[in-house]
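Chemist: My questions all concern the structure below.
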Amino acid sequence: MKILLLVATLATVTGFASSWRFRSSTTCEHKTAKLKCPSGKYIWVFHARYGRTDYRTCPHRLHRDVRCGSTRVSLKQVRSACEGRRTCKIKASNDVFGDPCKGTYKFLFVRYLCVSNPPAARVRTACESYNLKLSCPLSFVLKIHYANYGRTEYRTCAHPHRWDISCWSKTSTKVVRSKCHNKNRCVVYASNGVFGNPCSNTYKYLSVYYGCALRRS
C-alpha cells in the first residue's frame, strides 16, 4: 500500500547511512510543478496527490469538495515524469491526472527526496489497533527509512471516520526505529498509546518504509 500529505513541510528521515530531508511542492491547477535536486542527487517521489484537501491552499471560489484526490494515479504520473531525474516538470491539470472532483479547483502536492540512489524500499501498513509485523531473511536486519502514524488518503484502512487526510505523527519514524532498526524482526502496535493522537476523530493507520541489509558480524 502507498501512503501519502502535508503542505510546505520538511522532515528528516534516516536511511541506511545518511540523513534524507523531504522537500515539498504545491502547484495550483493549470500551473506547472517544477521539482529539482542539487547536482549528484536524484528525485525519489514519496507522495503525490492531485485534488483538494483544504480550503486555504490555492484559494478559489470553486472549492466545495475538500475530500478529493487520487493518490495512486497521482503518484504513478509524477513518478513516471520525475523519478530518477535531477529536475522535472509536470502540469497540474485534468489532462495529466484525470478529474477526481468535477467542478472543484484543485492543486498538486508532491513530497520527494533528493538521494544519490533511490532506496529499495518495502512498505507495510497496519490499521489502527492492529499489530504491524516486519521481518527480514536470516542474516539480514531491518533498516527503517520512514514511518507515519496518521492518515493521508481515504482508501487505506477504510472507515467511517476519515475526516483528516493531512494527518502525520512527527515521532513515527523515531518510535519505529527504536523498536525495529537493526533487528531481524519486530512488532509495532499501531495505536495512539504508542504514537500519540495526531488527529482526533480520525481512524488512522501506520505505514513503514523499510529495507533489509546484511547483518554486520
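Chemist: Can you name every residue in the stretch 119-136 that is assigned to a loop (DSSP other than H, G, I, E, B) and modelled with pLDDT under 95?
Modeler: So in the stretch 119-136, the residues assigned to a loop (DSSP other than H, G, I, E, B) come out as 119-121, 128-130, 136.
Listed by number, the residues that qualify are PRO119, ALA120, ALA121, CYS136.
Chemist: While we're looking at this one, here's another question. Could you check the stretch 57-118 for strands (runs of 3 or more DSSP E) lying wholly inside it with 2 or more residues that are open to solvent by 50 Å² or more (accessible area, probe 1.4 Å) and within 18 Å of CYS28 (Cα to Cα)?
Modeler: Values: elements: 68-70, 87-91, 107-115.
Output list reads 87-91.
Chemist: Suppose we filter the stretch 119-148 for residues that are under 15 Å from SER178 (Cβ atoms) and small (Gly, Ala, Ser); how many remain?
Modeler: So the count comes out to 1.
Chemist: Name the residue that is modelled with the lowest pLDDT, counting only residues in the stretch 1-42 that are assigned to a loop (DSSP other than H, G, I, E, B) and of a type in the set (Gly, Ala, Ser). Walk me through how you get there before you give the answer.
Modeler: In the first step, residues of the stretch 1-42 are kept if they are assigned to a loop (DSSP other than H, G, I, E, B); the result is 1-11, 15-18, 22, 29-31, 37-41.
From what is left, the residues that are of a type in the set (Gly, Ala, Ser) are 8, 11, 15, 17-18, 39-40.
Details: ALA8: 26, ALA11: 34, GLY15: 37, ALA17: 33, SER18: 39, SER39: 89, GLY40: 85.
Filtering the stretch 1-42 for residues that are assigned to a loop (DSSP other than H, G, I, E, B) and of a type in the set (Gly, Ala, Ser), the one modelled with the lowest pLDDT comes out as ALA8.
Chemist: Quick one: in the stretch 43-56, which of the residues that are modelled with pLDDT of 85 or more, part of a strand (DSSP E or B) and of a type outside the set (D, E, K, R) is farthest from CYS101 (Cα to Cα)? Quick ask: steps written out before the conclusion?
Modeler: Filtering the stretch 43-56 for residues modelled with pLDDT of 85 or more gives 43, 45, 47-56.
Pick out the ones that are also part of a strand (DSSP E or B) and you get 43, 45, 47-52.
From the residues that got through so far, the ones that are of a type outside the set (D, E, K, R) too are 43, 45, 47-48, 50-51.
Numbers: ILE43: 28, VAL45: 23, HIS47: 19, ALA48: 16, TYR50: 10, GLY51: 7 Å.
Looking at the filtered set, the residue picked out is ILE43.
Chemist: Working carefully through the options GLY196, GLY150, find the one that is over 15 Å from the mean Cα position of the chain (by Cα) and either modelled with pLDDT under 85 or small (Gly, Ala, Ser) (or both). Before the answer, list the steps.
Modeler: Working: GLY150 fails: over 15 Å from the mean Cα position of the chain (by Cα).
Testing whether each residue is over 15 Å from the mean Cα position of the chain (by Cα) and either modelled with pLDDT under 85 or small (Gly, Ala, Ser) (or both) leaves just GLY196.
Chemist: Now for a different question. Among the residues of the stretch 23-46, write down those that are under 20 Å from the mean Cα position of the chain (by Cα), open to solvent by less than 60 Å² (accessible area, probe 1.4 Å) and more than 15 Å from ALA92 (Cα to Cα).
Modeler: Pass one, the stretch 23-46, residues under 20 Å from the mean Cα position of the chain (by Cα): 23-28, 33-37, 41-46.
From what is left, the residues that are open to solvent by less than 60 Å² (accessible area, probe 1.4 Å) are 24-28, 33, 35, 37, 43-46.
Listed by number, the residues that qualify are CYS37, ILE43, TRP44, VAL45, PHE46.
Chemist: Give the residues of the stretch 127-170 that are of a type in the set (Asp, Glu) and either in contact with a Cys (Cβ under 9 Å, 6 or more places away or on another chain) or open to solvent by 30 Å² or more (accessible area, probe 1.4 Å) (or both), sorted by residue number.
Modeler: Initial filter on the stretch 127-170 (of a type in the set (Asp, Glu)): 128, 153, 164.
Scanning the stretch 127-170 gives GLU128, ASP164.
The values are calculated or read from the model by the stated rules, or taken from the named source; none is laboratory data. Bear in mind that the values here come from a model prediction, so they are computed numbers and not experimental data. Here the Cβ is made from the backbone with ideal geometry for all residues, glycine too, and neighbour counts use every protein chain on show. Only protein heavy atoms, including side chains, enter the accessible area calculation; ligands, DNA and RNA are left aside. Shrake-Rupley method; radii C 1.70, N 1.55, O 1.52, S 1.80 Å.
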